[in-house]
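Quick notes on the structure that follows.
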Amino acid sequence: MSDSHSSPIKTWQQLVAVVVAAFVVPIVVIAMLAALITSGKKGENADPKAVTERIRPVGSLQIAGPRVALSGEQVYEQVCKTCHGAGLAGAPKFGDKAAWENVLKQGEKVVFAHAIEGFKGMPPKGGNPEIPNDEVHAAVVHMVNAVGANWKAPPPAPAAPATTTAAAVPAATPIVPVTMPPATASPPATTGKPDGKNVYETACAACHGTGVAGAPKFGDKVAWAPRLTSGKDTLYASSLKGKGAMPPKGGQLQLSDDHVKAAVDFMTAAAR
């Protein structure tokens, strides 16, 4: 018959194991409870920049669209109107049949060559060399047809389809080109933060780029010296309201006052 009061510990090794467990198990339990209470939400105090970097996508897409050809009217509004809208520097005024009579007699080939290469006070391509020849031709057709001519504009050059390109994509990731619809042409920026250089190239270069009609030439310190001494407020007022042969806002009345002032700042900075 077994002794019901006998100890389950029979050897000294069992005794050591029981003693160790009696110390270790409570310590582990207490440590786990402390960690649970003090840990909070995971990532609660993480650096926002580190989190952003960790969740950043592995790839990005850049959409490259084709340049959309401008119509003759759009080129006129953006480039030619500065002089032809008001008849500056001998430019035949838009819609004035008498002023265009002698121009029409020269023939389309000669008139087109003058528009591309420049003629008398008119700089090549109206001061904007970036415009393709076909678009300059279309602008000429737009102006002469407004006084009764029947010239034909060249067909616009076909634009290549836009595709997307991928950057920072793992080598194993396939890149699939995506055809996008062409963007629509837009007039010079008249809203947002004024860009003096952009306004100058759009509205002022036709005259100030070559010094047409007494306009001080861009970067000519001698020509600009008397204007600079008159003060910036006077220059702003002349640019906004017009002075001499210069029409208000250089003929671009859609520009805001701040955009015109930015162009003045850009030109005066180049002449100091």
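The values are calculated or read from the model by the stated rules, or taken from the named source; none is laboratory data. Everything numeric here is computed off the predicted structure, so don't read it as measured data. For neighbour counting, all protein chains shown are included, and Cβ atoms are generated from backbone atoms with ideal geometry for every residue, glycine included. Accessible surface is based on the protein model in full, side chains and every heavy atom, while ligands, DNA and RNA are left aside. Shrake-Rupley method; radii C 1.70, N 1.55, O 1.52, S 1.80 Å.
Tabulated data
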{"quantity": "Qualifying residue in segment 205-218 (condition: open to solvent by 30 Å² or more (accessible area, probe 1.4 Å), modelled with pLDDT of 85 or more and under 22 Å from Pro129 (Cα atoms))", "calculated": "yes"}
{"quantity": "Candidate set: segment 110-123, residues that are at pLDDT below 85 and outside any loop (DSSP other than H, G, I, E, B); chosen: the one nearest to the chain's Cα centre (by Cα)", "calculated": "Met122"}
{"quantity": "Filter result for the condition that a residue is farther than 30 Å from Pro247 by Cα and either modelled with pLDDT under 80 or part of a loop (DSSP other than H, G, I, E, B) (or both), over Ala50, Ala69", "calculated": "Ala50"}
{"quantity": "Condition check for Gly107: surrounded by fewer than 14 Cβ atoms within 10 Å (Cβ to Cβ), at pLDDT 85 or above and closer than 25 Å to Glu201 by Cα", "calculated": "no"}
{"quantity": "Val79 surrounded by 19 or more Cβ atoms within 10 Å (Cβ to Cβ) and out of contact with any Cys (no Cβ under 9 Å at 6 or more places or on another chain)", "calculated": "yes"}
{"quantity": "Residue check, Leu255 open to solvent by less than 40 Å² (accessible area, probe 1.4 Å), in contact (Cβ under 8 Å) with a residue 24 or more places away in the chain and either within 28 Å of Tyr76 (Cβ to Cβ) or part of a helix (DSSP H, G or I) (or both)", "calculated": "yes"}
{"quantity": "Evaluation of Val199 against (1) at pLDDT 60 or above; (2) open to solvent by less than 40 Å² (accessible area, probe 1.4 Å); (3) over 22 Å from Tyr76 (Cα atoms) (one fails), failing number", "calculated": "(3)"}
{"quantity": "Residue match in segment 88-98 (condition: of a type in the set (Asp, Glu) and not in a helix (DSSP H, G or I))", "calculated": "yes"}
{"quantity": "Members of segment 233-252 found to be at pLDDT below 90, in a helix (DSSP H, G or I) and open to solvent by 30 Å² or more (accessible area, probe 1.4 Å), listed by number", "calculated": "Leu240, Lys241, Pro248, Lys249"}
{"quantity": "Residues of segment 127-152 that turn out to be in a loop (DSSP other than H, G, I, E, B) and open to solvent by 30 Å² or more (accessible area, probe 1.4 Å), as a count", "calculated": "9"}
